[in-house]
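The values are calculated or read from the model by the stated rules, or taken from the named source; none is laboratory data. Predicted, not measured: the structure shown is a model, and the values here were computed from it. Cβ coordinates were reconstructed from backbone atoms using ideal geometry, including for glycine residues, and neighbour counts include every protein chain displayed. All accessible areas refer to the heavy atoms of the entire protein, side chains included, with ligands and DNA or RNA removed. Shrake-Rupley method; radii C 1.70, N 1.55, O 1.52, S 1.80 Å.
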Amino acid sequence: MGAEVVLVGSRSERAELTKSFGAIAGEAAILAGEMDIKGTAVLIESCDLAIANDSGIGHIAAAVDTPLVALFGPTNEQVCGPMSEHARVVTADVACRPCYLLGIDGPVEACRNRICLT
């Protein structure tokens, strides 16, 4: 489709990104661990589209108003999803989702089975 792909993340994620996506994106496009959070925000702001899991990168994309596809596992996107009109959330439709149960008087409880991640 002619897209230029850039992968960001932490230094500890660099090896896994290179292993999983190096052949697709090329190693020059893997910038994990090379920028601080401000540099990452500037880069994401310059993008036409961001694709992120339920993470800080997705929230940065929402904050700088970059169109976003956010991939959510068990987390309830209604509670902690990206706050942007330009964000679309993709989820798995499993019976136990969402795993966050917000009690009126109690803490947030999470599912222990994690079948949605398998």
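Please sort 11-19, 44-52 by packing, taking for each peptide the average over its residues of neighbouring beta carbons within 10 angstrom, highest first.
The densest-packed peptide leads the list: 44-52, 11-19.
Among residues other than Gly81 whose Cβ falls under 12 Å from its Cβ, what is the net charge (Lys/Arg +1, Asp/Glu -1)?
In short, -1.
With every protein chain left in place and a probe of 1.4 Å, what is the accessible surface of Val94, to the nearest 10 Å²?
40 Å²
Once you list every other residue whose beta carbon is under 12 Å from the beta carbon of Glu13, what net charge do they have if Lys and Arg are +1 and Asp and Glu are -1? It would help to have the intermediate numbers written out before the result.
Numbers: positive: Arg11, Arg14, Lys19; negative: Glu16, Glu34.
In short, +1.
So what's Rg/Rh here for region 1-41, counting alpha carbon atoms and using the Kirkwood radius for Rh?
0.98
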